[in-house]
Amino acid sequence: MSDSNTSQAPGQNKTVTIIVNGRPREVTGKTVSYEEIVKLAFPDDPSNQDIDFTVAYANPHGKDGELVAGQDVHVKEGMVFNVTKTNRS
């Protein structure tokens, strides 16, 4: 049995609409990472070691929560993500 078709399995590349900082964004796949959400929220922001991002999400079909660097979450249609910037102290 080969896994070569898993990337083409039905539902693997489904596009869903999420809301990031009040703006609709389309993402493909079953999960989205902290880094992807930050990039969707602040696409023109250069990487800066002195800035931290807080990512909170509300899932109308399940649990609400927060993401930290390196984490990902299963996405569902209509999920809302709020991303805020803070300076490290």
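The values are calculated or read from the model by the stated rules, or taken from the named source; none is laboratory data. Since the model is a prediction, treat every value here as computed from it, not as a measurement. Glycine gets a Cβ as well: all are built from the backbone with ideal geometry, and neighbour counts include every protein chain shown.
Among the residues making up the stretch 52-89, those that are among the β-branched types (Val, Ile, Thr), exposed (fewer than 14 other Cβ atoms within 10 Å of the Cβ) and assigned to a strand (DSSP E or B) are Thr54, Thr84, Thr86. Considering the stretch 5-30, and only residues there that are surrounded by 10 or more Cβ atoms within 10 Å (Cβ to Cβ) and either acidic (Asp, Glu) or outside any strand (DSSP E or B) (or both), the residue that is modelled with the highest pLDDT turns out to be Asn21.
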